[in-house]
Every structure is written in structure tokens, then in C-alpha cells.
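What follows is a short report on a single structure.
The values are calculated or read from the model by the stated rules, or taken from the named source; none is laboratory data. All figures in this text were calculated on a predicted structure; none of them were measured in a lab. Because the Cβ atoms are built from the backbone with ideal geometry, glycine has one as well, and the counts that use them run over all protein chains shown.
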Amino acid sequence: MRTSLFLLFAASALAQTPRPGVNYDETKVGNDPLPDLKLTTAEDWTNKRRPEIFKLFEENVYGRTPTDVGAAKFEVTATKKDALGGLATRKFIHISVPSRPAWPGMDVMLYTPNATKNAACFVGLSFGGNHAVSTEADVPLSTRWMRESKEKGVVDHHATEATRGTESSRWPLEMILKRGFAVATAYYGDIEPDRADGWKEGLRAAVSPEGASTVWKDGEWGAIGAWSWGLSRIADYLQTDAQVDGKHLAVIGHSRLGKTSLWAGAQDARFGIVISNDSGEGGAALMRRDFGETTAIITKAFPHWFTPKYASYAGKAAACPVDAHMLIALMAPRPAYIASAAEDHWADQKGEFLSGKYASPVYALFGKKGVGVEEPPAIDQPVGNFIGYHNRTGKHDVTDFDWTQYLNFAARHWAK
């Protein structure tokens, strides 16, 4: 069984369109030992080892989130009680920090099911804005800077009418709402535009005493840290909304926002379930495997996502004191879900599975079972208990199959 699964991963990886200098060969993955979790007892993990590992991620990967950003202000700007044909109530909430007026704030879109009182809620950021998530024509178009995409209707870095609903397949609102869950989302560019100098117009510059002249130092936060901060502010608001069960929040993200959901979950225990969809390098994939995207590639292309020190591990993964299994372990004993896609070798599906596998012993300290299997499962076969995992058919995306697993996972762990 072990050999056949290995050959399956190797064969599918070799089918990936080659990129110069990128390894897709399972026989050539890195074999550096993973950092030791140093497990003893659940109490020791909670009080000593977890804080140590968390600090290492701050210092070496994502940076420290400032504690003096200031108090957030919440303003409900619109409410529609018959949204989506009467299925839901839709609200828009503007979140700002009055003590940081240079930051224009973010606009949250919240759908709550009319048939469910006090609904558990999925919380995540979108790539395209609220108008791209929803198909409702009265959702305001974002006016913020966006990554250019004529295919998705983004022209001159701004949304157009053609952008509406272009991300709705990743956010199957009706499916989620009919299962009795709420959904809260905001455009990640509201917090910080996703480009190398985007921080100058975002939250990080507004918080820094040097503003747009800041020179970011090792251990200081990157864009993933800022985006994670935004997710926690959405959680702050949800604690105040009577239509939402603030004790049952699941944070979710895809790709770079999957990295963000993991870091948000590591920092904020109010996210009772943490979901990473195709997050890859810098997220759920083990960096020491040197398979698909690497630290060298990601820090060259997107240096603004991480604390500067992370780039020093390019080509030197063994020198980094942490790896992705330790990031997943930071969620324990809360349920976590890791998802891969069969054609997404860039994100290293096997490395994502292994991070869950090697985090499982931490869950065992709390008497909870992790992924529950030793080898990657067959395609489209979800596994796991308190750490869920699947590798579904298809490409780098979020699909109904993914959401079905997340909804089932949440329903199972939050059954009342």
C-alpha cells in the first residue's frame, strides 16, 4: 500500500507542467529532519512548548502583530432581511480604527440564515471583494485597488460591473446557508493591497510611527499578519451580533489566504475550527520537502507577505527552527482541516498531508485523534478526526466538494 501510494504521488507530480528549477520528483525531495515538537504533557504543551513555537513563527515567518493598533469601531451600514430570495439576512459592517485615520477601514459582508437562530459562522477573506463573492446585484462594488485581471473584470486595477459574482463559485452561499451556517467575509485588499508596496496604503503603514517610510525589520509583521488581524476584527464584531453564535466561528482561507487563516487561527482561539485550502508553501506544506513552490520562490515573488527574516531561509530550509507541522499543531486541541487539490503540485499535496500527520501527536496529548492514517488517502477520500484532510480532483481552487467537507466537519464537531 505504501509503495503504490508513493508511486501515485510521484507519477501525478511528474505530470505537472515543468517550471525551471522547481522539483516535482518525489525521489528528490528534501530529507532534512523536521524540528522536534518536544512533547511531554498537554499542560506542558499549553503553558510552555506552544508559546515557544508561536514565538518562533513570529520571529521567523509571519512577524509579530502589534498589540497597540487601537480599538476597532463597528458600523452597520445596511441590512437586507430578504437576501437571496428570502433565504438570509445580509448586513454590511464597516470596521475602522478611529485612532488610525490613515487606514480607510474594511467592509464586511455578513449573511445569516433566516431559518437558523444564533448560527455558527464561517469567516474568511476574499480575493475579489464582496461584490465578487455574492451574485446579488445590489452589493456595492469595491473601489479599492485590485490585482489586474481582465478575465475577472478588473481593469486598471479596479473592479467593474463584469466583476460581479466572479468569485461566487468559491463561496457557495446558498449551500452554506441552507446547512444553517452564517458567512462573514471582506476583501483582503481593504486591509492591505496585495503588492510589494501595498502596505504603504494599508493598515501596516497606518500603524507604524514611520508610516510609508517604514523599513520593516526581522520579526515585524508582513501582509499575512495584517490580513490575519483583519479576520480577528471580524470575529470581534461577530461577538456582538445576536444572529451569530460567536462561540462557534470557523476561519477559512484559500491559497495565500489559506496561509492567512492558519496564522489567524494560531493567534486567535476564538476560531474554533481552522481551515486551510491549498495553502502550500508558507502555509500547510512542509518547507523542508523542497517540492513545488519553495521558500526561495515565494519570498522573491511575494516578500511583503512575511517578516523579512523568512527570506533568509531560501535554499536553507534546515536552518529554519519551525516547519508547517508545528503551525498545524498550534491549533490543538481545536479541530483543523487541511485540503489539497490533485493537480495542484505547486502547493505540494503530500507535504500538506504530512504536516497534519506530524501534528497529530500534539492532539493525542489532549486525547484527540488527528488525521488517523499513516499514508495520504486516495483522491476524493476525506480522512481525519480532529485534523481533517482531503486531496480532491481538480486544480488550485475552492469547490463545492471542498465546502461539503468543511460543512460536514463543522457539523460533526459542533453538533448540539
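The condition (being farther than 25 Å from MET331 by Cβ, in contact (Cβ under 8 Å) with a residue 24 or more places away in the chain and not small (Gly, Ala, Ser)) is satisfied by just one residue among TRP216, TRP229: TRP216. Just checking: which of the helices (runs of 4 or more DSSP H) contained wholly in segment 1-118 hold 1 or more residues that are farther than 30 Å from ASP218 by Cβ, in contact with a Ser or Thr (Cβ under 8 Å, 6 or more places away or on another chain) and modelled with pLDDT of 95 or more? The helices (runs of 4 or more DSSP H) meeting that bar are 83-86. Selection of segment 253-270 for residues being under 12 Å from the mean Cα position of the chain (by Cα) and of a type outside the set (S, T, N, Q) yields GLY253, HIS254, ARG256, LEU257, GLY258, LYS259, LEU262, TRP263, ALA264, GLY265, ALA266. The single residue among LEU327, LEU365 that is farther than 25 Å from LYS178 by Cα and under 17 Å from the mean Cα position of the chain (by Cα) turns out to be LEU327.
What number of residues in segment 308-349 are of a type in the set (Lys, Arg) and either closer than 13 Å to ALA285 by Cβ or assigned to a loop (DSSP other than H, G, I, E, B) (or both)? Can you show your working first?
Our first condition is that a residue be of a type in the set (Lys, Arg); within segment 308-349, this holds for 309, 316, 334.
Narrowing further to those that are either closer than 13 Å to ALA285 by Cβ or assigned to a loop (DSSP other than H, G, I, E, B) (or both): 316, 334.
Number satisfying all stated conditions: 2.
For segment 48-88, give me each residue that is of a type in the set (A, V, I, L, M), more than 30 Å from ALA318 (Cβ to Cβ) and surrounded by 15 or more Cβ atoms within 10 Å (Cβ to Cβ). Show your work before the answer.
First, the residues of segment 48-88 that are of a type in the set (A, V, I, L, M): 53, 56, 61, 69, 71-72, 76, 78, 83-84, 87-88.
Subsequent filtering for residues that are more than 30 Å from ALA318 (Cβ to Cβ) retains 69, 71-72, 76, 78, 83-84, 87-88.
Across segment 48-88, the qualifying residues are VAL69, ALA72, ALA83, LEU84, LEU87, ALA88.
I'd like to know if segment 198-208 contains one or more residues that are hydroxyl-bearing (Ser, Thr, Tyr), farther than 30 Å from ALA311 by Cα and touching a helix residue (DSSP H, G or I) at 6+ places or on another chain (Cβ under 9 Å). Checking segment 198-208: not a single residue is hydroxyl-bearing (Ser, Thr, Tyr), farther than 30 Å from ALA311 by Cα and touching a helix residue (DSSP H, G or I) at 6+ places or on another chain (Cβ under 9 Å).
For ILE275, indicate whether it is in a helix (DSSP H, G or I), within 22 Å of LEU327 (Cβ to Cβ), touching a residue at least 24 places away in the same chain (Cβ under 8 Å) and of a type outside the set (S, T, N, Q). No; evaluated as a whole, the condition is false for this residue.
Residue count for segment 215-271 satisfying the condition of being closer than 27 Å to THR299 by Cα and either hydrophobic (A, V, I, L, M, F, W, C) or at pLDDT below 95 (or both): 16. With respect to the conditions (1) assigned to a loop (DSSP other than H, G, I, E, B); (2) among the polar types (S, T, N, Q); (3) touching a Leu at 6+ places or on another chain (Cβ under 8 Å), THR166 lacks only one, and its number is (3).
State which residue is farthest from TRP305 (Cα to Cα) when the search covers only segment 209-239 and only residues that are in a helix (DSSP H, G or I) and aromatic (Phe, Trp, Tyr).
That would be TYR237.
Could you tell me whether VAL362 is surrounded by 20 or more Cβ atoms within 10 Å (Cβ to Cβ) and assigned to a loop (DSSP other than H, G, I, E, B)?
On the way: surrounded by 20 or more Cβ atoms within 10 Å (Cβ to Cβ): yes; assigned to a loop (DSSP other than H, G, I, E, B): no.
Criteria not met by VAL362.
In segment 138-172, what count of residues is obtained for those that are over 17 Å from ASP107 (Cβ atoms) and among the aliphatic types (A, V, I, L, M)? Steps first, please.
Restricting attention to segment 138-172, the residues satisfying the condition of being over 17 Å from ASP107 (Cβ atoms) are 147-157, 160-162, 165-166, 168-170, 172.
Now drop any that are not among the aliphatic types (A, V, I, L, M), which leaves 154-155, 162.
The number of residues fulfilling the criteria is 3.
Residues of segment 376-385 include at least one that is in contact with a His (Cβ under 6 Å, 6 or more places away or on another chain), surrounded by fewer than 24 Cβ atoms within 10 Å (Cβ to Cβ), more than 27 Å from ILE53 (Cα to Cα) and without any contact (Cβ under 8 Å) to a residue 60 or more places away in the chain.
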